[in-house]
Amino acid sequence: MSVRPPPAALLSPAVARNRDPILAVLRRHLPDQGTVLEIAAGTGEHAAYFARQFPRLTWQPTDIDPDALASIAAHRAAANAPNLRAPIELDVMAPRWPVERADAVVSINMIHISPWEAAQGLMAGAARLLVAGGVLFLYGPFKENGEHTAPSNAAFDASLRARDPAWGVRDTGDVRKLADGHGFDFIERVAMPANNLSLVFTRRQTTDSARSA
């Protein structure tokens, strides 16, 4: 029998569709032990689900939005996952994050619903936190070679830019170039449901990370 989350817990229908395909990719790339920092954890449903699937990993969800932080906390309370930490407020564009180290960084559906500076901040912050071999995982809709991968993504991109001209679906080439400039090697591109992609990067052994890109 399922347990109803507390009232503060927000729900996203997309989570039920994408969590298991995302899980399959994460199983191939996350370490056996350590700390996973989830950036812009949103409703907190992914954090609660993945923490239960990876009991040997410590899952640290973050967000900048107060309603999201409350929702994450509510899902955490219902999850019964001792390895799921309380959410913390984190602004990816801040020069210093309230976390000093992580073994993997996960960001799901964030860089298109934020200005490009947020993607830059994400890469810079992940480069500061991750040791060599640390994993950076991105999920969401992306353009490839300057083109949308589906008409629905083009319509979604237009709706995002109507809400805020600084938002929009990013091109994989731009994301890979940004990651490379911050000391990340591109490892894998995985086609996902609903015309989304997973992009996986690892921190290089030695690098002089660019501080801006």
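FYI, it's all coordinate maths here, none of it is from the lab. As the structure is a prediction and not an experimental result, all values here were calculated from the model. Positions of Cβ are backbone-derived with ideal geometry, glycine not excepted, and every protein chain shown enters the neighbour counts.
For the pair GLU117 and ARG161, the difference between a 0.36 nm per residue extended length and the Cα-Cα distance amounts to 14.3 nm.
Counting Lys and Arg as +1 and Asp and Glu as -1, what is the net charge of the other residues whose Cβ lies under 13 Å from the Cβ of PRO87? Write down the numbers at each step before the final one.
On the way: positive: ARG76, ARG85; negative: GLU38, GLU45, ASP63, ASP65, ASP67, GLU89.
Here the count lands on -4.
One Cα centroid belongs to segment 2-72, the other to segment 125-177; the line between them spans 20 Å.
Given 25 °C and 0.890 mPa s, how large is the Stokes-Einstein diffusion coefficient of segment 31-190 in µm²/s, with Rh as the Kirkwood radius over Cα pairs?
Estimated diffusion coefficient is 151 µm²/s.
Sorting the segments 54-64, 193-203 by their residues' average number of neighbouring beta-carbon atoms within 10 angstrom, most packed first, yields 54-64, 193-203. Distant-in-sequence amide contacts of SER114, defined by a placed amide H-H separation under 5 Å and a gap of 5 or more residues or a different chain, comprise GLY168.
Annotation for ALA77 and ALA24: the two label points, set 7 Å from Cα along the Cα-Cβ direction, are 3.5 nm apart. Per-peptide packing, taken as the mean over residues of other Cβ atoms within 10 Å, places 83-94, 117-128, 144-155 in the sequence 117-128, 83-94, 144-155 from highest down.
Farthest toward the positive end of the dipole of segment 18-203, out of LEU90, GLY34, ALA73, is the Cα of GLY34, where the dipole comes from beta carbon charges about the Cα centre. Springs between Cα atoms under 10 Å define the GNM used for the chain, and in it the highest mean-square fluctuation of ARG170, ARG76, ARG27 occurs at ARG27.
Taking other C-beta atoms within 10 Å as the exposure proxy, ASP65, ASP171, ASP32 rank ASP32, ASP65, ASP171 from fewest upward.
For LYS143, the amide hydrogen comes within under 5 Å of the amide hydrogens of ARG170, ASP171, THR172, counting only partners 5 or more places away or on other chains and with H modelled in the peptide plane.
In this structure the amide hydrogen of VAL105, modeled in the peptide plane, comes within under 5 Å of the amide hydrogens of LEU37, VAL135, LEU136, PHE137, none closer than 5 places in sequence on its chain.
Return, ordered by residue number, the residues of segment 75-114 whose backbone nitrogen is under 14 Å from a label point located 7 Å along Cα→Cβ of ARG128. Within reach of a label on ARG128, which here means backbone N under 14 Å from a point 7 Å along Cα→Cβ, segment 75-114 contributes 90-102.
So what's the net charge close to GLY133: Lys and Arg +1, Asp and Glu -1, counting the other residues with Cβ under 15 Å from its Cβ? Before the final figure, lay out each step's value.
Numbers: positive: ARG28, ARG101, ARG203, ARG204; negative: ASP32, ASP103, ASP185, GLU188.
Value of the local net charge: 0.
If you plug the beta carbon distance of ARG52 and VAL99 into 1/(1 + (r/R0)^6) with R0 = 22 Å, you get a FRET efficiency near 0.55.
Quick one: grab the alpha carbon gyration tensor of segment 160-210, order the square roots of its eigenvalues as a ≥ b ≥ c, and give me rounded if a/c is under 1.5, else prolate or oblate depending on whether a/b is larger than b/c. Numbers along the way, then the final one.
Working: a/c = 4.04, a/b = 1.50, b/c = 2.70.
It comes out oblate by the Cα gyration axes.
Among the complete DSSP H segments of the chain, which ones combine at least 24 Å of alpha-carbon extent along their axis with a mean Kyte-Doolittle hydropathy of -0.5 or more? Show your work: numbers first, answer last.
Values: long enough: 13-29 (25 Å, -0.32).
Both cut-offs are met by 13-29.
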